[in-house]
């Protein structure tokens, strides 16, 4: 049954392949003959080794650098559980709610799969928001990592669209009325808004056609996100990771191989993340969700207040903080889209907030504004909540559109350390495993040259 | 985060308009109560849940649906296959039409969903002073105040005070907004026959049927918590291991 497997000897016995096309295998001693045979034909073994084993990583990454890996874990969970949900789901207005109930009640282990999918969204957004604010704080978006940042913001936008489409699918009251809020927001665009909303949802009302579209969109975007993650990681591996000091790697003494140093560090983060995930799935499944979504969608009964899920609350608060519908749509979308411009809005050459005495408090305020907006989005836009939402919205845009361009010219940065491996102390021998060059894209910044 | 549910549901219950202008009535606050299934280690009292099913099937089911449940789901209450089969067999459910287009009924099987009390919403409203009796599959989760509210509500019916005039078909209850609701007081002493000898007082029946509805709303509550313990024990051990691995790996690196 076994075909004639070609045994690849170092002497080049692969007579059926032209020798000139075979790059000399990068694999060092210790890899078996099958690995070498495969790697000569498809360099997955040496590629994996280069990108995930010996991959040189700044030696000073803190635990905030775990959150990219954590988001990947959450995404994998969502895609896997999502496939099982999809094969039991009915995307029709008449059948959607009952099919989700059936998943929860009658489908074997359906309740735990669905609970993981629901909690997984929250875990994904937690990881993404921490990851994004970490990048903002440490200036990870600055040259040479602008494209890396752009792919990341693109991912965030894709995830938001996917999460919204997914939330419509259970066809509960909040699903329906949440979709209605978005539909009305689109319809508020002057001139083309109303026809556009009807065209997008496939009719005057949100019904079967809209639900089919949201289902297809949700399913397809899940895999598109996976593709965008590949781009994001590819861009990361061109420039290498940033780091808390925000100065580039100058030599082998500044790096450690990804494995086993950062695989072991990520492992701690992943297990802690899974513990939080498990607590959410098994003990607090209703904590971050709206109970109203267990009431089937009813177009004739508007809930007294349409509440968003927590991960959309900051942007929902912006939407409702503006007296004009279209203005709310512009600012709400703008509050995310402004992130695309951040590498060009920030005029300071210094990366890390640690060395920027004015940017650092501004960054703390930005996180605070985000949390205030999150709280505002969970409350009716009236009284103190409306006032807070407006102040926080104002600061959000002030930070990006005024402070980022301005601070670069008025701020006096602190003195940057000479290098990552030798911030203060005299030179010392590099640890075992160090001594690999950073990728070509990672170059020292002019400012940091001594 | 269970803010919105009750106004919606209670409004649905009390749709028939009241002459509200003259009334200055307010719902009484519900006395807090603990349940056996509260907390991270809570469990259902299955004897009470089973009695609650008796109350549901003999009283509530004449107006309220449990449309998401199948007869087979009842086996998780501790009923064996024969008991579930017998319960289902006693329920005629629609089975299509005969050659002349008339609806045919057949005995239900464990795979069937619980029989609906009304053929459609219009019929349900017509029979209930214009109000639609809500489906009870998730009621204990979605109603504001949860199980404690349900129990208080079921025992909160009073004779209408002389100073109060209710709309046609409405009944007086201490705990609903406006004190008027289309649902009548349904729990009367010994109205339900309990097979385990428990005395079927209105308070007992209210407690039991609330336990039942809480189970219906979260049938996997106990299994979820049991599985959670195992997962967390495993992950905690794994955390210990990866911490050791990380420390050993980084031992030679000065931070």
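Working carefully through the options A:87, A:83, A:113, find the one that is under 30 Å from residue A:234 (Cα atoms) and surrounded by fewer than 22 Cβ atoms within 10 Å (Cβ to Cβ).
A:83
Every residue in the stretch A:378-409 that is buried (at least 16 other Cβ atoms within 10 Å of the Cβ), part of a helix (DSSP H, G or I) and at pLDDT below 95, please.
Selection gives A:408 alone.
Taking the conditions exactly as written (more than 30 Å from residue A:92 (Cα to Cα) and either facing another protein chain (nearest Cβ under 9 Å) or in a helix (DSSP H, G or I) (or both)), does residue A:275 satisfy them or not?
yes
One residue is enough: does the stretch B:90-109 have a residue meeting the conditions surrounded by fewer than 17 Cβ atoms within 10 Å (Cβ to Cβ) and in a helix (DSSP H, G or I)?
no
So which of B:242, B:216 is within 14 Å of chain A (Cβ to nearest Cβ), farther than 27 Å from residue B:137 by Cα, touching a helix residue (DSSP H, G or I) at 6+ places or on another chain (Cβ under 8 Å) and buried (at least 17 other Cβ atoms within 10 Å of the Cβ)?
The conditions single out B:242.
Name the residues in the stretch A:74-97 that are part of a helix (DSSP H, G or I) and without any contact (Cβ under 8 Å) to a residue 40 or more places away in the chain, would you?
A:76, A:80, A:81, A:83, A:84, A:85
If you scan the stretch B:56-86, which residues turn out to be crowded, with 18+ Cβ neighbours inside 10 Å and in contact with a helix residue (DSSP H, G or I) (Cβ under 7 Å, 6 or more places away or on another chain)?
B:56, B:60, B:66, B:68, B:69, B:71, B:72, B:73, B:74, B:77, B:84, listed by residue number.
Mind counting the residues in the stretch B:57-89 that are within 14 Å of chain A (Cβ to nearest Cβ) and either part of a loop (DSSP other than H, G, I, E, B) or farther than 25 Å from residue B:202 by Cβ (or both)?
12
Which of the residues belonging to the stretch A:45-73 are in a helix (DSSP H, G or I), modelled with pLDDT under 95 and closer than 16 Å to residue A:264 by Cβ?
Residues satisfying the conditions are A:52, A:53.
Name every residue in the stretch B:120-161 that is farther than 22 Å from residue A:172 by Cα and part of a loop (DSSP other than H, G, I, E, B), in order of residue number.
Residues satisfying the conditions are B:127, B:128, B:129, B:130, B:155, B:156, B:158, B:159, B:160, B:161.
For the stretch A:313-322, state whether one or more residues are part of a helix (DSSP H, G or I), facing chain B (nearest Cβ under 10 Å) and either buried (at least 20 other Cβ atoms within 10 Å of the Cβ) or at pLDDT 95 or above (or both).
No, that holds for no residue.
Is one or more of the residues making up the stretch A:214-230 within 14 Å of another protein chain (Cβ to nearest Cβ), closer than 25 Å to residue A:155 by Cβ and crowded, with 16+ Cβ neighbours inside 10 Å?
Within the stretch A:214-230, not a single residue is within 14 Å of another protein chain (Cβ to nearest Cβ), closer than 25 Å to residue A:155 by Cβ and crowded, with 16+ Cβ neighbours inside 10 Å.
One line per residue, one yes/no per condition, for (1) within 14 Å of chain A (Cβ to nearest Cβ); (2) under 30 Å from residue A:274 (Cα atoms); (3) free of Cβ contacts under 8 Å to residues at least 12 places away in the same chain:
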| residue | (1), (2), (3) |
| --- | --- |
| B:161 | no, no, yes |
| B:164 | no, no, no |
| B:167 | no, no, no |
| B:231 | yes, yes, yes |
| B:237 | yes, yes, yes |
| B:250 | yes, yes, yes |
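Name the one entry in A:293, A:298 that is in a helix (DSSP H, G or I) and at pLDDT below 95.
A:293
Return yes or no: is residue A:243 within 14 Å of chain B (Cβ to nearest Cβ), buried (at least 22 other Cβ atoms within 10 Å of the Cβ) and either touching a helix residue (DSSP H, G or I) at 6+ places or on another chain (Cβ under 7 Å) or not in a helix (DSSP H, G or I) (or both)?
The answer is yes for residue A:243.
Could you please give the count of residues in the stretch A:100-151 that are assigned to a helix (DSSP H, G or I) and either away from chain B (no Cβ under 14 Å) or farther than 23 Å from residue B:137 by Cβ (or both)?
Residues meeting the conditions: 25.
Anything in the stretch A:251-272 that is buried (at least 20 other Cβ atoms within 10 Å of the Cβ) and either out of contact with any helix residue (DSSP H, G or I) (no Cβ under 9 Å at 6 or more places or on another chain) or away from chain B (no Cβ under 14 Å) (or both)? List them, or say none.
The answer is A:254, A:255.
Could you please let me know if residue A:47 is within 25 Å of residue B:246 (Cα to Cα) and touching a helix residue (DSSP H, G or I) at 6+ places or on another chain (Cβ under 6 Å)? Write out each step before concluding.
Working: within 25 Å of residue B:246 (Cα to Cα): yes; touching a helix residue (DSSP H, G or I) at 6+ places or on another chain (Cβ under 6 Å): no.
Here the answer is no, as residue A:47 does not meet what is asked.
Name the single residue, out of those in the stretch A:280-301 being more than 7 Å from chain B (Cβ to nearest Cβ) and within 22 Å of residue B:239 (Cβ to Cβ), that is surrounded by the fewest Cβ atoms within 10 Å (Cβ to Cβ).
Applying the filter and picking the extreme gives A:284.
Considering each residue of the stretch B:219-229, count those that are within 8 Å of chain A (Cβ to nearest Cβ) and touching a residue at least 40 places away in the same chain (Cβ under 8 Å), and give that number.
Of the residues in that region, 2 qualify.
The values are calculated or read from the model by the stated rules, or taken from the named source; none is laboratory data. Just so it is clear, the model here is predicted, and its values are computed rather than measured. Ideal geometry is used to build each Cβ from the backbone, glycine not excepted, and the neighbour counts take in all protein chains shown.
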